[in-house]
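Presented below is the structure to which this report refers.
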Amino acid sequence: MRGRIVSINTGSGTGMLQADAGGQWRFRAGGWTGRGVPSVGQPVDFRVAGGEAVEVTPVAASQVWNNVSGSFQGVIDPFGASNTGRQSFWAFYFSPSGRVSLGQYWFNYLIPFGVFTLALIGAVIFGLFYVFHHQVSVQLWLAVGALVVFKFSVLAWISFVMHLKRMHDLNMSWGAGYVVDNFIPLGRDWMAFRMMCQQGTPGPNSFGDDPRRS
């Protein structure tokens, strides 16, 4: 069973878990199987025995592919989100509907895509250096150019989707974000700060369910 630690009583050596499927369960220090000490908000797997949670195991902070449904669960969100809301890989990165939490925005988009973009720019520079020092056919020029344009087009679309979903998480439409960006003094800086630092609307809003509770 999957859930999250909601409270810890260090005096009694007990804690409470909130199951994703609903319901709360008490666990004891002896039922903790992870390294180190448990912490509030930590995602865990557990089973119930004798009315208590036992074999409480922390969920690894890594991307986990569901072998049955192919759902992309993503990384643990240290800002409060549990995963990418079990959206498919394509829906998460390419569909403009829904929301993206603060942690998902950083760890599923800004950091990995920043590294990928830098690597792609490096590859383009290396390719240009190579072709200027070697004889290359026109067909190869066209093929490489088309590939570069395609990759940057995909990155541009993903960037648009992630920014739009982050605005959705803050309960803002694209139109409202456009007005703030372009017609309010320092609006673009304020929007960038909110998108990179502010947690989204708790619970459901006008654009969907809270991705931290999906």
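Quick notes
- Qualifying residue in the range 184-193 (condition: among the charged types (D, E, K, R), surrounded by fewer than 13 Cβ atoms within 10 Å (Cβ to Cβ) and within 18 Å of Trp106 (Cα to Cα)): yes
- Among the residues here, Gly51 does not qualify as more than 15 Å from Thr14 (Cα to Cα) and either charged (D, E, K, R) or at pLDDT 85 or above (or both).
- Selection of the range 96-117 for residues being more than 14 Å from the chain's Cα centre (by Cα), hydroxyl-bearing (Ser, Thr, Tyr) and within 12 Å of His163 (Cα to Cα) yields only Ser97.
To keep it simple, each residue is scored yes or no on (1) under 22 Å from Ser95 (Cα atoms); (2) among the aromatic types (Phe, Trp, Tyr).
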| site | (1), (2) |
| --- | --- |
| Phe107 | yes, yes |
| Ala143 | no, no |
| Val154 | yes, no |
| Lys165 | yes, no |
| Pro185 | no, no |
| Thr201 | yes, no |
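- Residue in the range 35-50 that is touching a residue at least 60 places away in the same chain (Cβ under 8 Å), surrounded by 15 or more Cβ atoms within 10 Å (Cβ to Cβ) and under 17 Å from Arg212 (Cα atoms) present: no
The values are calculated or read from the model by the stated rules, or taken from the named source; none is laboratory data. Since the structure is predicted, the reported quantities are computational estimates derived from the model, not experimental observations. No Cβ is skipped: glycine too gets one built from the backbone with ideal geometry, and neighbour counts run over all protein chains shown.
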